Each structure stands twice: as structure tokens, then as C-alpha cells.
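Asker: Can you keep this structure in mind? I'll have questions shortly.
The values are calculated or read from the model by the stated rules, or taken from the named source; none is laboratory data. Keep in mind that this is a model prediction, so the values were computed, not measured. Neighbour counts run over all protein chains shown; Cβ positions are idealised from the backbone, glycine included. Areas reflect the complete protein model, heavy atoms only, side chains present, ligands, DNA and RNA absent. Shrake-Rupley method; radii C 1.70, N 1.55, O 1.52, S 1.80 Å.
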Amino acid sequence: MAAQGQRPEVALRVVANFTPEVRRNYRVRVPFAGQWREVLNTDAAHYGGSNTGNAGLVSAVVTTRKPELHLVLPPLAAVYLVPEG
């Protein structure tokens, strides 16, 4: 367990798109600013998909509320993201 004010040891965001359309600039709030690594994209060519995604790394944009990611969500797929570092 992390001390108050510190990052937890594990943080994960899973975002799924259950539509057949690519969603561009899809905004998701995250608890930490900085880089987020796409550790799994179920639409990757490796799995027979169209390889639509975020090229492996996304920067959180700081807003007036919480940081947020602006994602490309592949159709009928999910992306798994963790903070870098």
C-alpha cells in the first residue's frame, strides 16, 4: 500500500469500445499526469486486428480538474494503459 500522496504500486486503466467505429480524441480522466503506456491493445495486428491505437504511449493532458488522456479507441476492442515509470 502506498503512503498518502504517493502513487500506488499498480495503476491500470482499461478502456473498451464496443462499437464498430474508431473513436478519436476519446477523453479519459486519470489520477496521474505524465506518460501512460499502452500495454495491451486487443486490436493489434499481432491478434489479427487492424492495428488502430495509440502507438504505445500517450501523454496525459492537464486540465482544470484531473489529468486526462486523449485516446484513439480501436473498433470492437480494448486498450490497457499503465503510467510510465
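Asker: What whole-number value in Å² describes the accessible area per residue of the chain for a 1.4 Å probe?
Answerer: That works out to 66 Å² for each residue.
Asker: Under a 5 Å amide H to amide H cut-off, with H placed in plane at 1.01 Å, what residues pair with S59 once short-range neighbours are removed?
Answerer: W36
Asker: Could you give the longest part of the chain that holds none of the GluC sites (Glu not before Pro) found in DSSP loops with at most 11 neighbouring Cβ atoms within 10 Å?
Answerer: It works out to 22-85.
Asker: First obtain the Kirkwood hydrodynamic radius of the chain from its Cα pairs, then insert it into the Stokes-Einstein equation at 4 °C and 1.567 mPa s, and state the resulting D in µm² per second as a whole number.
Answerer: So the translational diffusion coefficient is about 97 µm²/s.
Asker: Which chymotrypsin sites (Phe, Trp or Tyr not before Pro) in the range 5-69 sit in a loop by DSSP (not H, G, I, E or B) and have at most 13 other Cβ atoms within 10 Å of their own Cβ?
Answerer: In loop regions of the range 5-69 (DSSP not H, G, I, E or B), the sparsely surrounded chymotrypsin sites (Phe, Trp or Tyr not before Pro) are F18.
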